[in-house]
Amino acid sequence: MMPAERSTAATTKAQTNSLADGSPARTFKGLLEHLATITRNTCQHPQTGVAFAMTTSPNPTQQTALDLLSSISV
């Protein structure tokens, strides 16, 4: 049995460390670290004391990852 051969696309991805669309290739750990930059902050109005939460908006890469995660059904 012959060993599997790496595709041209996989070789290019490994050499350039980027995907076909030019975005950076990430490891799973790297993607989790990138997603971890989405933060929720609790803000409080100084005069009224009303507290509310604000979550930062995901960038396009983060949004794509979140969309893919939400499409998983078990």
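Summary of computed values
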| read-out | value |
| --- | --- |
| Per residue convex hull volume, Cα atoms of the chain, in Å³ | 158 |
| Magnitude of the charge dipole, the chain, Cβ model with Lys/Arg +1 and Asp/Glu -1, debye to 20 | 120 |
| Segments 55-67, 36-48 sorted - mean Cβ within 10 Å per residue, highest first | 55-67, 36-48 |
| Per-residue [θ]222 nm for the chain (sum of -39500 (n - 2.57) over DSSP H runs n ≥ 4, rounded to 500) | -11000 deg cm²/dmol |
| Relative contact order %, the stretch 8-70, counting alpha carbon pairs below 8 Å whose residues are six or more apart | 19 |
| Top positive-direction residue, dipole computed over the chain with Cβ charges, set 30, 56, 71 | 30 |
| Burial ordering of 74, 50, fewest other beta-carbon atoms within 10 Å first | 74, 50 |
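The numbers here are math on the coordinates, done by the rules we state, and not lab data. For clarity, every value in this text was computed on a predicted model and none was experimentally measured. For neighbour counting, all protein chains shown are included, and Cβ atoms are generated from backbone atoms with ideal geometry for every residue, glycine included.
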